[in-house]
Every structure is written in structure tokens, then in C-alpha cells.
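Beneath this line is the structure, given in C-alpha cells, with notes to follow.
The values are calculated or read from the model by the stated rules, or taken from the named source; none is laboratory data. Being a predicted model, the structure only gives us computed values, none of them experimental. Neighbour counts run over all protein chains shown; Cβ positions are idealised from the backbone, glycine included. When the accessible area is computed, the model is the full protein with side chains, heavy atoms only, and any ligands, DNA or RNA have been set aside. Shrake-Rupley method; radii C 1.70, N 1.55, O 1.52, S 1.80 Å.
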Amino acid sequence: MNKLTLEVLTPEKEAVNRQVDSVYLQGTLGRLGILPEHTTLISTLDFGVLELNDGGVREEMLCGTGLVEVADNRVTVLVRSAEAKGDIDVERAKQAMDRARQRRDSKAEDIDMLRAEASLARAVERLRFSGHQ
Ligand code: ATP
């Protein structure tokens, strides 16, 4: 059975570079499942869980927004961030959550509401993913 080569890149690191059997990603239009021999594809990605399966073992990472390209059994994922469960700093995520809630609930006119909501959603998702909420 053919494999996929999965590469996950952030501005800071190469988070993954390995062979896998399948990959599931949070595409902007819905969940994407990639198996070997998948047709060529480019999609934007939402903040969400990337799941990879290899030899019956499943692993998950929480990825930021970005892009995925699939071509010739290569899956290239370019994202703002990529964290395994153990990478998540729970205190930092709690502080980000409190900060974003305060911004969202403040009556100040210069608050970018969409940005505050997105920041809050990232923090909540990080806490949920790391098992702290
Ligand atoms: P913060 O306000 O705490 O920076 P953020 O949601 O604005 O959070 P991002 O822009 O999503 O952060 O990510 C910036 C970088 O910080 C990425 O490398 C990401 O992996 C890392 N990062 C953000 N929050 C955490 C966290 N709670 N634990 C570990 N790494 C984090």
C-alpha cells in the first residue's frame, strides 16, 4: 500500500516530516480526509486538529490557520502554528482566554471584535485539546 509524505511547517519549525497512511485536516469548507493517490488539491485551513494515522497508530496536532497542498502523494501543510498535546502551555492559554474575553466584553470602540473572538476561540480550543476544559 502506498504511503503519503506529510510535511507540516510553521514559521518557527518543521513540526512533522514523515510517512503516514492518512491525514485529516480542518479545511475551511469542512473536514478533509487524505489517503494515498488523492487527487491534486489546494485548500485553506481553519484552526483545528490535524490527525495522522500510521500503522494503526493515530496522532493529533492542533494547527493554526494556513494552507494545504496535496500532489503526488505529498501533503504539504503551511500553518501559523502546530502543537502536540504536550506542547501546550496551559497557563498561557488561560491568560490568552481571559485577555480575549476582557477585550470582547469591553465597550471600547477601538476593539477589533473579530480578532478578539478568534483569539478566544484559539485559547478555548488549546485548553480543550490539552484536556484542561
Ligand atoms: P498568545 O496570545 O498566547 O500568543 P495566540 O493565539 O495569539 O496566543 P498564535 O498566534 O496562535 O498565539 O501562535 C503564536 C505562536 O505561539 C505559535 O508558535 C503557537 O504554537 C504558540 N502558542 C500560542 N499559544 C500557545 C500555548 N498556549 N502553548 C504553547 N504554544 C503556544
Q. If you take the residues of segment 1-38 that are aliphatic (A, V, I, L, M) and assigned to a loop (DSSP other than H, G, I, E, B), which of them is surrounded by the fewest Cβ atoms within 10 Å (Cβ to Cβ)?
A. MET1
(Q) For segment 64-81, give me each residue that is more than 7 Å from the ligand (Cβ to nearest atom) and under 17 Å from THR28 (Cα atoms). (A) THR65, GLY66, LEU67, VAL68, GLU69, VAL70, VAL75, THR76, VAL77, LEU78, VAL79
(Q) Can you go through GLU12, GLU60 and tell me which one is among the charged types (D, E, K, R), within 10 Å of the ligand (Cβ to nearest atom) and within 23 Å of SER119 (Cβ to Cβ)? (A) GLU12
Q: Inspect segment 65-81 for any residue being out of contact with any helix residue (DSSP H, G or I) (no Cβ under 6 Å at 6 or more places or on another chain), of a type in the set (Ser, Thr, Tyr) and under 14 Å from ARG122 (Cα atoms) and give the result as yes or no.
A: yes
Q: Filter segment 87-111 down to the residues that are under 18 Å from the mean Cα position of the chain (by Cα) and open to solvent by 80 Å² or more (accessible area, probe 1.4 Å), then identify the one that is farthest from VAL16 (Cα to Cα).
A: ARG92
Q) Hey, among the residues in segment 60-70 that are in contact (Cβ under 8 Å) with a residue 24 or more places away in the chain and open to solvent by less than 30 Å² (accessible area, probe 1.4 Å), which one's farthest from ARG128 (Cα to Cα)? A) VAL70
